[in-house]
Amino acid sequence: MRAQLVADFERFARALPRTWPDHVREAYAIDLRTQYLGQPVPHPIGKASGQLSLKAEQLEADAEAGLAFVVLKTVIGEDATGSRTMGAWAIHETKMKVELRSFGGRAGWTVTWKGRGWDGTLEEYLALVRFGRDLTAAGGPLAVPSVKLHLPRLGEEFVRAEYAHTISALARAWGREPLLVEKDFSPTLAGAALGDEQRRILRWIDGVPEHIRDAAPGETRVALKLMNARFDDAFQVEMLRRASRSSDAVTAFNRLWDPALGVAYGGWELSDRNLRVLREARVRGQLSGTGNVCSGRLVADYARTGCGSVQLHTMFQLPLSAYPASAGSRTARTLHKLVFDPQDGLIVAMLDAEGRGELERTAGELRFVDFGGHAP
Ligand SMILES: Cc1cc2nc3c(=O)[nH]c(=O)nc-3n(C[C@H](O)[C@H](O)[C@H](O)COP(=O)(O)O)c2cc1C
C-alpha cells in the first residue's frame with residue numbers, strides 16, 4: 001500500500017481525479033466519509049469561509065477538485081430596511097499578503113488582511129447561495145452560507161428584525177430543508193470593545209442559535225464558529241462547551257488576534273492553541289476544526305480531538321511553488337498533498353494509526369470517523 005501511495009502521489013500530481021475518495025476506498029480500503037453539520041460528506045476536508053468562497057468560479061474549481069464542503073464568505077445581516085448593526089464589518093479591502101510567521105521554531109503560513117465580511121449587497125449574496133445550492137444538488141461540495149448578525153451589549157435585546165430578515169432570505173434562497181448556516185464570531189470581534197467581556201460573550205453563545213432558529217421559517221441547523229477570545233484557555237474551553245450545548249455544531253476556532261498589528265493571524269500558534277483547547281474540552285458532538293491545517297497529519301490531529309471535519313483557508317492560497325503538485329487548481333493541489341503525501345498525508349497517517357493499534361478495521365476498512373472515537 002505504501003508503494004501504491006508513492007505511485008498515486010506522483011500520478012495525481014499531474015491531475016487529481018474528482019472521484020479520488022472512491023479511489024482511496026478501493027485502493028486502500030480507507031473510508032473517509034464523515035459529516036458536516038449533520039449532513040453526509042465524502043471526506044473531511046472543506047473550505048473555510050473567506051475570500052476564496054465569494055465567487056462562482058471559485059466554487060466551480062472546488063467542485064472540480066472534489067472538495068467536500070464550502071462555507072461561503074460571511075455576509076453581514078440586515079433588517080427589511082437595509083439597516084445593519086454589524087455594518088462596520090462590511091468593509092471593502094482586497095489586498096492580502098500571504099507570509100510566513102514563526103512560532104515555537106516552526107514557520108507556518110498566514111494571510112495578512114485588513115478586510116472583514118462580504119462587502120456586496122444581500123441580494124448579490126443570495127445569488128451566490130443559489131449558485132452553491134445548485135452546485136451541491138449536482139453532486140458538488142455542500143455549500144453553506146455564513147452570517148454575522150447583531151450581538152448585543154449586556155442589558156440590550158437582540159435585534160430580532162435583523163435575524164428574521166436575513167435568515168428568512170437565506171432560507172428562501174436555499175429553498176429546501178434543513179437550512180444549514182454558520183454564524184461567525186470573527187477574530188476582529190475579539191479585538192473590538194464588544195468582545196472584551198466574558199459574560200457578554202457567553203450570553204451570545206447561549207442565545208444566538210435559538211434566535212437564528214426562531215427567525216427561520218423551517219428546520220435550520222446552526223454551527224457557531226467561535227473566535228479565539230483574548231482570554232485564557234479555561235475561558236476558551238468554557239466557550240466551546242457552552243456552544244456545543246446551544247448549537248448543532250461548532251467550528252473551532254477562528255484566527256488569533258494581534259493587537260499590536262491590528263490583524264488576525266494563523267500558523268502554528270493557532271493550531272497549537274486550538275488543539276490544546278479541543279483536547280482539554282473533550283466535547284463530543286458535531287465539531288469542525290479550523291486553523292493551520294497544512295498536512296494530513298494535522299487533519300488527523302484535529303480528528304483525534306473529536307472534529308469530524310476540517311476547514312481550511314490559508315492552504316488554498318499559497319504560492320504555487322509551495323505545493324508538490326505540478327498542475328491543477330490550488331484546491332486540487334491542496335487535496336493532493338493533504339491526502340496522498342506519502343510522508344504526512346491523511347492516508348499514511350491512518351495506516352500509521354492502524355500500525356499503532358489506534359485505528360482498527362471495520363469490515364476490512366479503516367474509517368476516518370473512528371479517529372478519536374467520534375463515529376456518529
Ligand atoms: C483573508 C481571510 C478572510 C477570512 N474571512 C472570513 C470570514 O469572512 N468569515 C469567517 O468565518 N472566517 C473568515 N476567515 C477565517 C477562515 O475561515 C479560517 O477559519 C481561518 O483562517 C483559519 O484557517 P486557516 O489557518 O486554514 O487559514 C478568513 C481568513 C482569511 C485568511
>> Taking only Cα atoms of the chain, what ratio of Rg to Rh do you get with Rh as the Kirkwood inverse-distance radius?
In response: 0.95
> Any idea how far apart Asp22 and Arg230 come out in nm if each label point goes 7 Å out from Cα toward Cβ?
Replying inline: 5.1
> Which of the listed residues, Gln198, Val75, Gly262, is farthest toward the dipole's positive end in the chain, when Lys, Arg count +1 and Asp, Glu count -1 at the beta-carbon?
Replying inline: Gly262
> Helix-derived [θ] at 222 nm for the chain: sum -39500 (n - 2.57) over DSSP H runs of at least 4, divide by residue count, nearest 500?
Replying inline: -11500 deg cm²/dmol
> Relative contact order, percent, of the stretch 51-148 when contacts are C-alpha pairs under 8 Å separated by at least 6 residues?
Replying inline: 39
> Ranked by Cβ crowding within 10 angstrom, fewest neighbours first, how are Thr136, Thr94, Thr290, Thr110 ordered?
Replying inline: Thr94, Thr136, Thr110, Thr290
> Label points 7 Å out from Cα along the Cβ direction at Ala29 and Glu10: separation in nm?
Replying inline: 2.6
> Quick one: if the Förster radius is 25 Å, what FRET efficiency do Ala107 and Ser321 give, using the C-beta to C-beta distance and rounding to 0.05?
Replying inline: 0.95
> With +1 on each Lys and Arg Cβ and -1 on each Asp and Glu Cβ, how big is the dipole of the stretch 1-137 about its Cα centre, in debye rounded to the nearest 20?
Replying inline: 520
> For Lys183, which sequence-distant residues (separation of 5 or more, or a different chain) have an amide H within less than 5 Å of its own amide H, given hydrogens modelled in the peptide plane?
Replying inline: Val147, Ala223, Leu224, Lys225
> Taking the alpha-carbon centroid of each part, what is the distance from the stretch 295-313 to the stretch 212-249 in angstrom?
Replying inline: 19
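Read-outs: derived from the displayed coordinates by stated rules, not from any lab. Only a predicted model underlies this, so the values are computations on that prediction, with no experimental measurement involved. Don't worry about glycine lacking a Cβ; one is built from the backbone with ideal geometry, like all the others, and counts go over all protein chains shown.
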